[in-house]
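Asker: Structure incoming, see below.
The values are calculated or read from the model by the stated rules, or taken from the named source; none is laboratory data. What you are looking at is a predicted structure, and each value in this text was computed from that prediction instead of being measured. Using ideal geometry, Cβ is built from the backbone for each residue, glycine included, and neighbour counts are taken over all protein chains shown. Each accessible area value is taken on the protein alone, full model and side chains, heavy atoms only, with ligands, DNA and RNA left out. Shrake-Rupley method; radii C 1.70, N 1.55, O 1.52, S 1.80 Å.
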Amino acid sequence: MNSCIAVRDGQKFIFTRIGDEKQKVKKQDQLKEILTDSEFTMKGSCAISLLLTKLDIVNTILMIESGRSVIQQKTGRLKSYDSVCKKLEKKGLEPDFNIALEKINDLIGVRAICAYVDDIYKVAALIERQKDIRIIKTKDYIREPKKSGYQSLHLILEAAISFQSETQWIKIELQLRTAAMDYWASLDHQLRYKRGRKEAQLIDEELQQCAAMISSLDQKMLKIRKKIDKI
Ligand code: 0O2
């Protein structure tokens, strides 16, 4: 017999077969387990450490050239189970680990804050040149900011990590941005969850204006630094 139950699908309820629903719940549990405590999270932490170390080396190389620290701050994180579920739902995908691994670029993410806009491209170029890193995709939201006003350079890459006798290529999203871009993105991120539908359009426009101000501030600071470099 094909028994059905009503389950929530976003804002509405839909009817689904009990067998399908059981399968979905099983996959969801599996996803939670893998993203919380598993070989994936342990290897993901290793991938983060490796990329953070690579950024340290890149910073040292650029520091020797320029006499200043180019990377001001760096962080890494594994995307939380809740955040992965939200993103899969937004993309209309099933809560399944293999789908998440294929379709979500930032399951493992590293972010580096650079002093000036041109530093971002210098760091990216040195990362791209590493033999144990291969670039899958570059998303340049600095040259072409998102509609929201968001700016950053994203490198979706794979890093080779040697575990005992086997080498595994692990996907990581590296976000490179200035402190001003980071300031905008973190406030935008906070406000996104708080803004009501009614005011959304007006707030979006205001945030776009702030993003434009931040971009011109970054350009101005870069011009000043270039002037000083010439002295
Ligand atoms: P969270 O919570 O920060 O992790 P795609 O399939 O590649 O088109 P995707 O993965 O959304 O879709 O790619 P995109 O647009 O490059 O976004 C990747 C990440 O960039 C986001 O991850 C955010 O961290 C950041 N980002 C992109 N757009 C915005 C924006 O308008 N504002 C802010 N504050 N951050 C943004 P998550 O998982 O969406 O979010």
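Asker: Rounded to the nearest whole Å², what accessible area per residue is found for the chain with the 1.4 Å probe?
Answerer: So the chain comes to 64 Å² accessible per residue, rounded to a whole number.
Asker: Using r as the Cβ-Cβ distance of Gln73 and Arg129, and R0 as 30 Å, what FRET efficiency do you calculate, to the nearest 0.05?
Answerer: 0.85
Asker: In the chain, what percent of the accessible surface is made up of carbon and sulfur (1.4 Å probe, ligands and nucleic acids excluded)?
Answerer: Here carbon and sulfur together make up 53 percent of the probe-accessible area.
Asker: Right, another one. Need the C-alpha centroid separation for region 18-44 versus region 108-144, integer Å.
Answerer: Between the Cα centre of region 18-44 and that of region 108-144, the gap is 31 Å.
Asker: Run the dipole for region 184-231 about the Cα centre, Lys and Arg Cβ at +1, Asp and Glu Cβ at -1, nothing else charged, and hand back the magnitude in debye, nearest 20.
Answerer: Value, rounded to 20: 260 debye.
Asker: Stretched out fully, how many nm does the piece from Glu205 to Leu191 gain, at 0.36 nm a residue minus the Cα gap?
Answerer: That works out to 3.7 nm of additional length.
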